[in-house]
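Inspection log for the structure reproduced underneath, given as structure tokens.
What follows draws every value from the coordinates through simple rules; no lab data is involved. Worth saying up front: this structure is predicted, and the values here are computed from it rather than measured. Note: ideal-geometry Cβ built from the backbone for every residue, glycine included; neighbour counts use all protein chains shown.
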Amino acid sequence: METTIDFTQIKIKDLVTENFHTAELFEKLGIDFCCNGDRILKTALDEKNISNSKFLSEFEKFKNSSLIEYQKYSEWDLDFLTQYIIENHHKYVKNAIPNISNHLQKVFEAHGEKHSFIVNVQKIFFEVAEELSHHMMKEERILFPIIKYLADSQKLREKPKTRGYVTVQNPIRQMEAEHVSAGNALENIRRLTNNYTLPEDSCATFQITYKELEEFEKDLHKHVHLENNILFPKAIKLEERLIKGIYD
Ligand SMILES: [Fe+2]
């Protein structure tokens, strides 16, 4: 069945929330679907000079791909979603950081003199790795337990007690700001490497490092999408309802 999309009403994040695999399409088109997912589709397409019909034909291809495994993250329990994020995204980042750092060091030693941008890539990656490590720790130790507490309050049909954070919106705003910062850092790396275009004299380690960095960026986009567009708005809504004594 052919899809009808209201280009002037629908937001990018709505399409991605409905089916995460459309994220690949937005990545391919160079459209930010996580930190800037609130934008109307038409606005984002106009910026990239992409017509509605061109977008629709690409969209159909993605939607109909037999490889698409359909996951409705938006239907999951909040607690389950936080566990999913920890198990899939936080674990991935923790493993990827030492690998990429090692490979970047090797690339720097072999090619740093000739390709001076590598030292800057290394510096930005080091900073974003530090930032993300703290970010994930704050989510795991502060924000996610608050969300679990809210989910438990709903199950027990109890009003949540006021805590030091006042409202879940406060830690959420902080996490969103950190997502923007990490997204910008990866964007800078993409720019410095000319969209991960390998120099002619690149070696296998160079190629692997670029692949790993691209994968790291992709994973960040998904992590940010799941939180900014699904987990956070649902947690805010849940808190508001619980405070009003609505438990269903
Ligand atoms: Fe996050």
Compute the length gained on full extension between V119 and D219: take 0.36 nm times their separation in residues and subtract their Cα-Cα distance, giving the result in nm to one decimal.
33.7 nm
Averaged over all viewing directions, the convex hull of the alpha carbons in the stretch 12-64 casts a projected area in nm² of 3.2 nm²
L242, L15 arranged by Cβ crowding within 10 Å, fewest neighbours leading
L242, L15
Could you state, as a whole-number percent, how many of the C-alpha pairs of the chain are farther apart than 29 Å?
39 percent
Could you sort the peptides 180-192, 162-174 by per-residue average Cβ neighbour count (10 Å cutoff), highest mean leading?
180-192, 162-174
Expected sort for D152, D219, D6 with the fewest Cβ neighbours (10 Å cutoff) up front is D6, D152, D219
Beyond 29 Å (Cα-Cα) in this structure, taken from K28/K72; K61/K222; K48/K106; K72/K155; K61/K91; K28/K94, we find K48/K106; K61/K91
One finds the C-alpha centres of the stretch 36-56 and the stretch 149-225 to be spaced, in Å, by 23 Å
Tell me the GluC sites (Glu not before Pro) within the stretch 88-142 that lie in a loop according to DSSP and have at most 14 other beta-carbon atoms within 10 Å.
E113
How large are Rg and Dmax for the stretch 126-192 when calculated on the C-alpha trace, in angstrom?
15.4, 52
If the label point sits 7 Å along Cα→Cβ of I246, residues of the stretch 138-182 with amide N under 18 Å come out as 150-160, 168-169
